[in-house]
Structure formats: structure tokens, C-alpha cells
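The values are calculated or read from the model by the stated rules, or taken from the named source; none is laboratory data. Please read all numbers here as calculations on a predicted model, not as lab measurements. Heads up, the Cβs are rebuilt from the backbone with ideal geometry, glycines too, and the neighbour counts pull from every protein chain shown. For accessibility, only protein heavy atoms count, side chains too; no ligands or nucleic acids. Shrake-Rupley method; radii C 1.70, N 1.55, O 1.52, S 1.80 Å.
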Amino acid sequence: MGYSPDRINPGDKTHRLTNVIKVTSGSSPEAAAFVDALYGSILEAGTHPASSIKVAEASKVIENTQRDLNIALINELSIIFHKLGIDTEEVLIAAGTKWNFLPFRPGLVGGHCIGVDPYYLTHKSQEIGYHPEVILAGRRINDGMGTFIGERVVKEMTSRRIHVVDSRILVMGLTFKENCPDIRNSRVVDLVKSLKEFNAEVDIYDPWVEPAAAEEEYGLRLVDAPDPGTYDAVIVAVAHDCFRKEGLEKIRSYGRDQNVIFDVKYLFPVSENLARL
């Protein structure tokens, strides 16, 4: 058997199959050599032969686990900074002036890799008797962000004397990341569930998603286009370029006279009547 873990990044037009290095491996030296030669025949960037399938798979798992933990750290910092009354984006921009600071941003962590792969590693770790504390702590933080954002929006609404029960809320974006149609393991679903638990009526708008796919996967119906002047709160949950192009004023127009605009992904500069992580 030969094995090469995938390095496909949905929606990425730069890092394609032929121009990224692929890790290759096999269950025997002959299989490993065959697979490496096969990939080497089409890859411009070349290959990295691993000594075993275990090493190859472990490399895949920690690629995603490392990113998961970095985002979890920033998510936790955003929670702390919010409680301290500090704008997280301002802090990250300031820290980013240091040459080796990593430019991660808070948000919802889903998808079929980052939100899943760490559990394979932690399950195997527990099987051999070791409880992985750091990895699972990161997973708990990231898995809880949908509920946290939902509660933040409700508090923002309450502080502006907007009645939450029977309110109308628009969630912009359902995919697990920007500029792609992939909804697998999308944590936006957690946000929607959290808002519905407060008896709010939630509409979802995402031009990247096929409505039939959203209904089949999650039982969610999408709106074709938001109606102006309709919503008590608007949440920009995914950083699609099309949302950025709409602009903040257009997005504000979806809200009623008294409303909350919550920018999860920092698409827009901080301004009056704009809440964010």
C-alpha cells in the first residue's frame, strides 16, 4: 500500500496539487518508491518521502493540530480582551509589528481537517494511556466559539434594548471558510443553534452555498437575498470577498433602525455600531 496525505486547501487558487510538496510513503520500500515516483511525475514542487505511513499520517495530523491550537489561542485572547474592554484587532495589529509574530485571527474553526484531525490524534493518544491536555483544551475553546458568539450578539442586542425573543437575525455565511462552497463541519451551525435557543428567528445568506446542500446536510434553508430594513442583528460569520465588496453600509441597510452588526472575521474597520470578536 502507498499513502500520501492530502494538502488540498479548498478555495485556494495559489497552492494547487502540482505546486506544493507532497509527503509520500508506503507499507514496503517498493510501494513507497512506486508512490513517490508516481507523484514525482506530476509535481513541480517535488516530494518528501517519509520512512513509514505512520510518519506521513502523523505529519498530516500535526499540520492541522498546530493551526487549530494557534487559532484557539487567539480565540481565548479575544475572550479575555473583550472582558478587559480592549479591541482584539488593535492588539493583533500592534503585536504583528514584531518580525516573528504569527498573524492568526479569531473565529469559527470547522472543516473536514482542522476541526477533525486533532481528535484522531487525541483518540490514539488516549488508547496508549496518555491524556493530551493542550490539544483537547484548544479543541474545547474552538468548539465553543459558535455558542460564545451567539451569546455575545444577544448581549449586544440586550444592551441596546432590542428584544431578543422573536427577533430576526441574519447570519451571513455558512461555509467553513471564505470563498469556497464547502459546508462540511461548519461551525456556523453552532452559532445558528445558539441564536435559536434564545427564540430568535434566524435567516442564513450565503451565495457560495447550494440551498439543497444546506438543507440536506443541516436542515437549514437559505434566503436568496436579505431584505433591507428587516433584521434586528446582522452577523458577518464568513469572510467571503463578496461580503467585503457589498460594503458595511449595504450590510447596515439590512438592519432595522435599531440593530446590531457583528463582524466575526474583521472584514471592516472598527466603527460606530459595529461589534466584533
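Straight-distance candidates among the lysines for linking to K245, with alpha-carbon spacing under 20 Å and chain neighbours fewer than 8 residues away dropped: K13, K177, K265. A simple spin-label model places pseudo-atoms 7 Å from Cα toward Cβ; at L17 and R252 they are separated by 4.7 nm.
Helix 188-197 and the longest principal axis of the C-alpha atoms of the chain enclose an angle of approximately 40°. Solvent-accessible area of the stretch 1-157 (1.4 angstrom probe, protein heavy atoms only): carbon and sulfur portion equals 62 percent.
Across D203, D117, D257, mean-square fluctuation computed from a Gaussian network of the chain (C-alpha pairs under 10 Å connected) peaks at D257.
For the chain, the relative contact order is 15 percent, taking Cα pairs closer than 8 Å that sit 6 or more residues apart in sequence and dividing their mean separation by the residue count. Distance from the C-alpha centroid of the stretch 7-45 to that of the stretch 231-277: 40 Å, rounded to the whole angstrom. Got a sec? Charge dipole of the chain, +1 on Cβ for Lys and Arg, -1 for Asp and Glu; which of G173, V154, G2 is way out at the positive end? Of the options given, the answer is V154.
What number comes out for accessible area per residue over the chain if the probe is 1.4 Å? Units Å², please.
Working: 14750 Å² over 277 residues.
Per-residue accessible area for the chain comes out at 53 Å².
Helix 53-84 axis versus longest C-alpha principal axis of the chain: approximately 20°, rounded to the nearest ten.
The label point for Y218 and the one for S51, both projected 7 Å from the Cα toward the Cβ, are 4.3 nm apart.
Extension gain, K83 to Y130: 0.36 nm times the residue separation minus the Cα-Cα distance gives 13.5 nm. Working from Cα positions, state the angle (0 to 90°, nearest 10) between the long axis of helix 145-159 and the longest principal axis of the chain. Between helix and principal axis, roughly 10 degrees. Computed from label points 7 Å out along Cα-Cβ, the spacing between V270 and A33 is 6.1 nm.
Taking 0.36 nm per residue of sequence separation and removing the Cα-Cα distance, the Q66/Y120 pair yields an extension gain of 18.1 nm. Here is the tail figure for the stretch 110-181: Cα pairs spaced more than 17 Å apart come to 61 percent of all pairs.
Phi angles of the stretch 31-39 translate, via the Karplus equation with coefficients 6.51, -1.76, 1.60 and θ = phi - 60°, into HN-Hα couplings of 5, 4, 5, 5, 5, 4, 5, 4, 5 Hz per residue; Gly and Pro are given as x. Using the Cα coordinates of the stretch 143-277, the gyration tensor eigenvalues translate into equivalent-ellipsoid semi-axes of 21, 17, 14 Å, sorted from longest to shortest. The stretch 177-212 and the stretch 121-163 have Cα centres spaced 17 Å apart. DSSP assigns beta bridges within the chain; of those with both partners inside it, close to 10 percent run antiparallel.
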